[in-house]
Amino acid sequence: MFYYRVLFPLAIDRGFVYKSDRHIELGSRVLVDFKGRQRIGIVWSDSEKPDYNAKPILDVPDDKPVITKELLNTLKFFSFYFLSKEGLFLKSALPKKLFGVKNGIDLEVENSNPVFNKRPFELSKEQKNIIQSIKLNEFSVNLIFGVTGSGKTEVYLSLIEEVLKNGKKSVVLVPEIALTPQYIEVFSFRFSHEFLSIIHSRLTPKQKFDNWLAFNKGLKPILIGTRSAIFSNFTDVGLVVVDEENDESYKQDSQPLYNAKDIAIYRAKQIGIPVILSSATPLLEDYYKAKTGKFRLFEMKKRVGKTKLPDVEFVRLESGEIFAQDTLDAIENTLKNNKTVAVLINRRGFSNYLVCGDCGYVFLCPNCSVSLKFHKSENTLKCHWCDSSFEVFDKCPKCGSPNVLQRGVGSQMVEEVLSLKFPDSKIERFDRDSTSRKGAFERIVNDLRAGKIDILIGTQMLSKGHDISQIGLVVVVDFESLFVMPDFRAEERAVSLIMQTAGRSGRKEPGRVIIQLSSEDNPFVEFIKRHDFKGFAEEELKLREALSYPPFKRIIRVISESTSKEKSYELINFAKDKLSKRLNLLGPSKCPIFKLRNKYRYHIIIKSLSIVNDISFIKEQLYSKEGLYFDVDPISFF
Ligand SMILES: [Zn+2]
Ligand SMILES: [Zn+2]
């Protein structure tokens with residue numbers, strides 16, 4: 001008799017023991033009786049004979065496992081690494097339909113002969129050099145760090161073509177569901193449409209399953225997908241691309257909290273293939289790895305063709321103003337020329353904050369160097385990392401100026417002002433809410449291209465996407481507000497956002513960028529003027545090192561959640577007592593979003609020098625405690 005642990009897509013680890021009179025390969029689907037009904041599970045591991053009478057495996061519907069050994073090991077490793085249940089990883093990894101269908105699935109590989117269209121132009125010398133120096137049959141991580149419009153996409157399209165010619169497949173991760181139509185458009189110029197399999201969370205279960213199967217069987221050898229596509233079958237995969245690699249959507253923000261980029265690199269290493277990370281503003285951690293030789297660094301400094309990067313102008317905002325007169329004049333001019341104005345506001349951040357009107361200093365916690373939240377009702381500043389409170393300063397702690405400004409502009413206010421000043425213009429919102437409906441993103445992009453939108457007010461969404469040459473002017477409403485986040489990445493995020501958004505304008509003819517601010521003494525102003533992300537990155541890394549933030553130390557966040565405030569507080573203190581024996585902790589303190597989906601939340605922040613040891617320690621101390629969860633290498637601190 002053989003004994004196996006069978007796992008289900010639930011918040012559990014390891015699964016339950018079943019018996020079989022024949023050998024079954026790990027990763028196979030099996031039909032078993034589970035809690036009184038027949039369910040499909042996955043053979044997760046071998047097992048000893050238990051001391052109770054195990055139930056039998058009723059059926060093995062498929063000829064081959066649906067999960068390869070390599071993927072099985074990957075899921076086990078990352079469920080350890082991200083301190084998340086194995087069953088939740090299983091749920092993320094496979095199309096839902098596989099757990100519903102009880103009859104067999106044909107997983108036999110079939111041949112396809114992808115059709116290529118010729119590249120319509122010559123590659124630049126820069127592009128050729130990169131393509132030639134990436135070996136397709138060995139592991140490497142290649143960071144392509146190139147300004148917007150420098151032809152990064154063409155580099156990986158050419159590599160994908162090579163890979164397909166060798167009879168292999170490619171996986172391309174893209175940041176947003178909403179962007180996939182644009183990617184399909186770009187890919188369709190080169191590869192015929194029927195060879196693309198698309199995977200993202202807004203497909204119907206059937207579409208998702210069909211695409212998953214077609215990629216598995218080799219019928220659609222190019223996979224374009226959002227983060228969960230990283231769990232595809234990697235047999236015969238020859239290249240993985242992570243486009244816009246700095247994008248935060250590669251980290252899942254609900255459980256299991258995994259980062260698809262880490263998984264991409266891990267899997268590529270297991271099977272010996274290259275990974276391409278591409279961005280105009282790479283994540284500092286990745287830039288640092290490339291700079292220090294752990295990844296390979298390829299810089300592309302010039303735009304393809306004759307277009308220049310747009311000129312960036314900074315405009316001082318007087319107290320109480322939402323738009324400066326210069327900005328309004330520029331908007332009017334742009335509208336007269338039948339071009340679109342893109343207005344960038346901050347999505348999250350803190351709605352209220354204090355800034356020095358002379359030196360531009362945004363008030364930081366002296367212990368943690370993260371921005372303080374201004375609580376208007378209590379007239380205090382609070383740190384959401386170490387729980388300190390501060391009286392509101394009447395002088396700037398940096399330059400001593402008494403010119404301390406209280407700011408906070410909501411998106412609604414911006415829209416109201418603009419529709420009053422420009423009553424005849426068509427104003428459209430472009431953010432996660434307005435683009436979440438199916439087809440909404442495409443409609444806005446199409447309207448934009450057709451010149452039907454005069455003013456587009458947007459958040460982080462504006463920085464994403466491809467060439468929108470209709471945009472003649474980009475306005476950043478409140479520069480300093482972009483830096484106000486309870487997070488050591490606030491500066492990086494802000495500079496990256498501005499440079500990416502600026503890069504969307506003027507792809508065909510020179511565009512204009514106006515940034516409104518309280519003070520031009522901000523240390524980042526010069527880097528932004530010169531479109532110099534590298535210069536910024538070098539400066540910022542020095543600061544990170546001095547403050548022991550990533551990439552110099554890693555961060556683990558422990559979060560408690562409960563519908564009862566007292567219970568949540570009790571839980572986080574339980575965690576504190578267990579962990580403070582060995583680890584250095586910040587907090588506990590209230591999470592910046594204290595109440596979320598009716599649950600009260602506290603957190604502890606750990607800076608780690610030895611991440612795997614610390615994860616093991618946390619696992620041993622706290623893993624099974626109900627109401628606590630963990631975020632390893634967190635991206636968001638809300
Ligand atoms: Zn100051
Ligand atoms: Zn603090």
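The values are calculated or read from the model by the stated rules, or taken from the named source; none is laboratory data. Here the structure is a predicted model, which is why all the values come from computation and not from measurement. Positions of Cβ are backbone-derived with ideal geometry, glycine not excepted, and every protein chain shown enters the neighbour counts. To get the accessible areas, we keep the full protein, side chains included, count just its heavy atoms, and leave off ligands, DNA and RNA. Shrake-Rupley method; radii C 1.70, N 1.55, O 1.52, S 1.80 Å.
Quick one, what does Rg over Rh come out to for the stretch 539-638 if you take C-alpha atoms and the Kirkwood Rh?
0.99
Quick check: net charge around R39, other residues with Cβ under 12 Å of its Cβ, Lys/Arg +1 and Asp/Glu -1?
Surrounding charge for R39 is +3.
Give the percent of DSSP beta bridges with both residues in the chain that are antiparallel, rounded to the nearest 5.
The antiparallel fraction comes to roughly 50 percent.
What does the convex hull of the Cα atoms come to per residue for the stretch 2-99, in Å³?
Convex hull volume per residue, Cα atoms: 98 Å³.
Find the Rg to Rh ratio for the stretch 172-323, where Rh is the Kirkwood radius over alpha-carbon pairs and Rg uses the same atoms.
Using only Cα positions, Rg/Rh for the stretch 172-323 is 1.05.
Tell me, how many Å apart are the Cα centres for the stretch 496-555 and for the stretch 210-242?
34 Å
Calculate for the chain the 222 nm mean residue ellipticity that helices alone would give, adding -39,500 (n - 2.57) per DSSP H run of length 4 or more and normalising by residue count, nearest 500 deg cm²/dmol.
So the helix-based figure for the chain works out to -8500 deg cm²/dmol.
Quick one: putting +1 on the C-beta of Lys and Arg, -1 on the C-beta of Asp and Glu, what dipole do you get for the chain around its Cα centre, in Debye to the nearest 20?
That gives a dipole near 1460 debye.
Taking a threshold of 20 Å on the Cα-Cα distance, which of the pairs K217/K269; K261/K464; K165/K217; K19/K625; K69/K208 fall above it?
Violating the 20 Å limit, Cα to Cα: K217/K269; K19/K625; K69/K208.
Just want to confirm a number: the relative contact order over the stretch 554-632, from Cα pairs under 8 angstrom separated by 6+ residues, in percent.
47 percent
Taking a probe of 1.4 Å, how large is the accessible area per residue of the stretch 554-632, in Å²?
Result: 49 Å² per residue.
Give the residue list of GluC sites (Glu not before Pro) in the stretch 85-132 that are DSSP loop and have at most 13 other beta-carbon atoms within 10 angstrom.
The qualifying sites are E108, E110, E122.
Excluding same-chain residues fewer than 8 positions from K426, which aspartates and glutamates have a Cα within less than 15 Å of its Cα?
Once the sequence-local aspartates and glutamates are set aside, what remains near K426 is E332, E415, E416, D447, D454.
For the stretch 2-99, with only Lys/Arg (+1) and Asp/Glu (-1) charged at the beta-carbon, what is the dipole magnitude about the Cα centre, in debye rounded to 20?
360 debye
Would you mind checking the pairs K85/K251; K125/K529; K35/K96; K373/K599 and listing those with alpha carbons more than 18 angstrom apart?
In this structure, K125/K529; K35/K96; K373/K599 lie more than 18 Å apart at Cα.
Just to confirm the number: angle between the C-alpha axis of helix 152-165 and the first principal axis of the chain, 0 to 90 degrees, nearest 10?
Roughly 20 degrees, rounded to the nearest 10.
Within the stretch 125-300, what percent of beta bridges assigned by DSSP are antiparallel, to the nearest 5?
Of those bridges, close to 5 percent are antiparallel.
Listed highest first by mean packing, meaning other Cβ atoms within 10 Å per residue, what order do 148-157, 178-187 come in?
In descending order of packing, they fall as 148-157, 178-187.
Round to the nearest 10 and give me the degree value, 0 to 90, for the angle of helix 325-336's Cα axis relative to the longest principal axis of the chain.
70 degrees
Across bins of 20 angstrom width beginning at 0, how are the C-alpha pair distances of the chain distributed, in whole percent?
Histogramming the chain at 20 Å steps yields 17, 49, 30, 4, 0 percent.
Quick one: compute the contact order of the stretch 1-78, relative version, from alpha carbon pairs under 8 angstrom and 6+ residues apart, as a percent.
33 percent
Hey, what's the stretch 147-233 come to in accessible area per residue, 1.4 Å probe, Å²?
30 Å²
Calculate log10 I(q)/I(0) of the stretch 418-540 for q = 0.12, 0.17, 0.22, 0.23 Å⁻¹, where I(q) comes from the Debye formula with a single equal point scatterer on each Cα and nothing for solvent.
The computed values of log10 I(q)/I(0) come out as -0.49, -0.96, -1.39, -1.46.
Excluding K529 itself, what net charge comes from residues whose Cβ is under 11 Å from its Cβ, given Lys and Arg +1 and Asp and Glu -1?
For residues surrounding K529, the net value is -4.
Dipole of the stretch 311-544, Cα-centred, from +1 at each Lys and Arg C-beta and -1 at each Asp and Glu C-beta, to the nearest 20 debye?
880 debye
Using only Cα atoms and rounding to the nearest 10 degrees, what angle (0 to 90) does helix 533-546 make with the longest principal axis of the chain?
For helix 533-546, the angle is close to 80 degrees.
In the chain, if the dipole is taken from +1 on Lys/Arg beta carbons and -1 on Asp/Glu beta carbons about the Cα centre, which of I40, T281, S319 is farthest to the positive end?
The residue sitting most towards the positive pole is I40.
Could you grab the relative contact order for the chain? Cα pairs under 8 Å, six or more apart, rounded to a whole percent.
Relative contact order of the chain: 13 percent.
Of the heavy-atom accessible surface of the stretch 554-632 (probe 1.4 angstrom), what whole percent is carbon and sulfur?
Roughly 45 percent, rounded to a whole number.
Leaving ligands, DNA and RNA out of it, report the carbon-plus-sulfur percent of the accessible area of the stretch 214-255 at a 1.4 Å probe.
Heavy-atom surface of the stretch 214-255 belonging to carbon and sulfur, 1.4 Å probe: 39 percent.
Excluding ligands, DNA and RNA, what is the solvent-accessible area per residue of the stretch 288-347 at a probe of 1.4 Å, expressed in Å²?
Heavy-atom accessible area per residue stands at 57 Å².
With Rg and the Kirkwood Rh both taken from Cα atoms, where does Rg over Rh land for the stretch 311-544?
My calculation of the ratio gives 0.97.
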